[in-house]
Amino acid sequence: MLSYINKSYRRQLLMSFILLSVIPLLVSGILLLMLFRIHVQQDFAEKDMQQERLISGKLEDSFRTFRKVILEIEKDADIEKALRRGHVQSSNVYAALYRETGTIRDISVVDIYAGDKCIYTTDRGHTIKTLPKDFGILARADQNPDEIQVETFYEGLFMRDMTLQIAKKINANEGYVVITVKKENLMKILNGMYSGNDGVFLLNRFYEPLFESGNLGNQENLQAIRTNLFRRQHLQENMNVNVYCHPIETTGLILFYLTPPALNENIYSTMLRVLLLLAVLAILVSAFLAGYVSNYLSRPIRKLNGAMRDFRHGNLQAHIATERDDEFGELSEGFNKTTVQIRHMMEERVRQQKELNATEIAMVQAQLNPHFLYNTLDTIKWVAKAHHVPEIAMLVENLSKLLRRSISGSSFVTLQDALDVLESYCAIEEFRFEDTFSCEIEVPEELMNCVLPKLILQPVVENAIIHGLDGVTDGLVKITACRKGDDVEIRVMDNGHGITDDMLKLLASHDQKKLKGHLGFTNVDTILRLYYGEEYGLKARRLPEVGTEVLLRFPYALEAPKEVSAEIHKNS
């Protein structure tokens with residue numbers, strides 16, 4: 001798909017316009033939807049927490065009232081007297097009990113115990129009640145007689161419902177005040193405090209439910225809350241409802257208030273579908289408008305592309321007719337001028353090629369002169385041998401080798417061939433300078449087959465003999481080679497006068513104009529750098545004791561560079 005679009009400028013414009021129009025809409029829509037969702041969740045969370053505070057406050061107020069009633073009963077003189085004397089059927093006692101429990105009688109049952117027996121109660125249809133003293137609420141009251149105790153226990157045959165008891169010991173005659181709060185009493189206390197779609201749990205310290213109500217107050221949510229509490233996880237973990245927790249002070253009870261999400265998944269999905277529908281409509285509208293605009297903008301490009309295609313196929317008369325004054329008009333005009341210039345250049349190239357052909361013919365004819373000189377020298381060599389003059393024969397033979405290598409068609413030779421030519425040259429120079437110097441060559445056998453430009457060693461050795469050993473009667477020129485990584489280094493050392501500082505500066509500058517008088521060094525350095533790059537070439541230094549060392553560095557290779565080989569093949 002992407003490659004199909006990239007092959008057409010018009011399709012690229014069309015896709016760009018569509019993306020530029022749709023992506024901002026989608027991004028802004030999603031951001032607005034997220035912000036709206038966060039804002040709604042925050043608003044609902046504030047309302048939920050406010051409602052949770054109202055519920056917990058209602059419970060705490062009720063428990064404070066329970067404590068207050070217990071303390072009032074403990075202080076009541078009639079009740080204290082009845083307990084001291086034992087169970088007495090007295091209207092004053094019942095009147096006192098009803099007087100003190102008037103605020104809580106609708107939401108609880110208040111019992112007065114003497115020992116383990118209930119002697120007075122606000123419960124209708126009174127039956128004899130007993131409570132054990134060795135465990136449960138009375139046992140806790142005995143253990144802490146100065147404090148009000150809160151205890152939960154299961155009530156009923158099948159022990160399905162849990163009941164809350166609040167008690168305190170009255171010192172006179174082992175008396176106790178016990179307030180019993182059942183589930184239906186808690187329902188009255190919290191009546192109208194929450195919606196039927198919410199959920200309320202009131203758990204004891206063992207996370208057992210004393211009270212649960214509302215659609216969300218189900219066993220599944222209770223089990224999830226218990227799991228998170230036991231595992232010490234966040235209350236919202238693995239739950240799709242909002243959970244708020246609040247401990248009820250001094251009771252050991254914990255209130256859990258559950259509310260549905262502010263935006264459920266159905267509402268959120270609907271909003272997303274509306275957003276996607278708007279995006280589809282935007283794509284259709286933008287595609288229509290983008291098609292028109294992209295067609296208008298790409299028309300001159302298509303014209304230019306067609307003209308360039310014709311030009312590539314050989315139509316040098318390709319021309320773009322346009323009346324636009326913008327950049328496309330300038331581009332078309334530039335193309336037209338370029339085709340005219342190329343036509344003129346082609347005509348000039350044809351003319352130059354004709355002249356070049358004539359020059360090449362002249363060069364072929366000129367090659368007869370070196371061949372003629374070589375043949376003549378060969379004749380002189382045989383004449384010298386016939387007249388027993390071996391020195392002349394040796395000089396002519398070495399000079400013939402030099403001429404033969406200099407007129408060979410190849411621009412590259414092996415190091416072995418280059419050293420053979422160098423030996424011939426040194427033999428001539430040793431005879432010329434009457435053996436005032438000697439030449440040593442130390443090159444490893446594994447480097448003999450590497451290739452290098454021909455005739456780059458002879459100018460360096462010549463410079464060492466002519467300039468370095470001038471006036472020296474026991475001269476030495478030593479040629480060594482080694483491989484350094486992927487490169488070959490050839491060193492030419494002499495024990496002569498040593499190179500001057502000015503010459504060292506000239507060589508380091510690589511300035512051909514300044515090196516004009518030193519063609520040997522200039523040509524060798526230029527050839528190496530042109531063939532292999534600026535990091536290669538020729539370097540020189542003065543040796544610490546006596547003489548000069550010239551270093552030639554080039555890449556190790558067994559074949560000539562490809563572009564050079566192709567050029568040699570073309571010329572051959």
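Among the residues of region 450-477, count how many are closer than 26 Å to E559 by Cβ, assigned to a strand (DSSP E or B) and of a type in the set (A, V, I, L, M, F, W, C).
Residues flagged as closer than 26 Å to E559 by Cβ, assigned to a strand (DSSP E or B) and of a type in the set (A, V, I, L, M, F, W, C) within region 450-477 amount to 2.
I'm checking my understanding of the structure. Among residues of region 513-538 that are surrounded by fewer than 14 Cβ atoms within 10 Å (Cβ to Cβ) and within 19 Å of R553 (Cα to Cα), which one is modelled with the lowest pLDDT?
Filtering region 513-538 for residues that are surrounded by fewer than 14 Cβ atoms within 10 Å (Cβ to Cβ) and within 19 Å of R553 (Cα to Cα), the one modelled with the lowest pLDDT comes out as L519.
Looking only at strands (runs of 3 or more DSSP E) that lie completely in region 207-295, which have at least 1 residues being touching a residue at least 60 places away in the same chain (Cβ under 8 Å) and not basic (K, R)? Talk me through it step by step, then tell me what you get.
Numbers: elements: 209-213, 242-248, 253-259.
Ranges flagged: 242-248, 253-259.
Just name the residue that is most open to solvent (accessible area, probe 1.4 Å) out of those in region 39-65 that are closer than 21 Å to N242 by Cα and without any contact (Cβ under 8 Å) to a residue 12 or more places away in the chain.
K47
Could you check region 194-212 and list, in sequence order, the residues that are buried (at least 18 other Cβ atoms within 10 Å of the Cβ) and under 22 Å from F63 (Cα atoms)?
Y194, G199, V200, F201, L202, L203, N204, P209, L210, F211, E212
Going through region 15-30 one residue at a time, which ones are among the aliphatic types (A, V, I, L, M) and in contact with a Ser or Thr (Cβ under 6 Å, 6 or more places away or on another chain)?
Once the filter is applied, which keeps residues that are among the aliphatic types (A, V, I, L, M) and in contact with a Ser or Thr (Cβ under 6 Å, 6 or more places away or on another chain), region 15-30 yields only I18.
Taking the stated definitions as given, is L297 in contact with a Lys or Arg (Cβ under 9 Å, 6 or more places away or on another chain), modelled with pLDDT under 75 and closer than 30 Å to G214 by Cα? Lay out the reasoning, then the answer.
Working: in contact with a Lys or Arg (Cβ under 9 Å, 6 or more places away or on another chain): yes; modelled with pLDDT under 75: yes; closer than 30 Å to G214 by Cα: no.
So L297 fails the test.
Only one of (1) among the polar types (S, T, N, Q); (2) surrounded by fewer than 20 Cβ atoms within 10 Å (Cβ to Cβ); (3) within 24 Å of A560 (Cα to Cα); (4) touching a Gly at 6+ places or on another chain (Cβ under 9 Å) is not met by Q458, so which one is it?
All conditions are met except number (2).
Listed residues I104, I112, I73, I119; which is hydrophobic (A, V, I, L, M, F, W, C) and without any contact (Cβ under 8 Å) to a residue 40 or more places away in the chain?
That would be I119, the only listed residue that is hydrophobic (A, V, I, L, M, F, W, C) and without any contact (Cβ under 8 Å) to a residue 40 or more places away in the chain.
Evaluate region 554-572: report whether one residue or more is surrounded by fewer than 18 Cβ atoms within 10 Å (Cβ to Cβ), under 18 Å from D501 (Cα atoms) and at pLDDT 90 or above.
No, the conditions are met nowhere in region 554-572.
Considering only residues of region 169-193 that are in contact (Cβ under 8 Å) with a residue 12 or more places away in the chain and small (G, A, S), which is most open to solvent (accessible area, probe 1.4 Å)?
A172
The values are calculated or read from the model by the stated rules, or taken from the named source; none is laboratory data. Not measured: the values here are computed from a predicted model. Quick reminder, even Gly has a Cβ in these numbers, built from the backbone with ideal geometry, and neighbours come from all protein chains shown. For the accessible areas, the whole protein counts, side chains as well, though only heavy atoms, and no ligand, DNA or RNA atoms are used. Shrake-Rupley method; radii C 1.70, N 1.55, O 1.52, S 1.80 Å.
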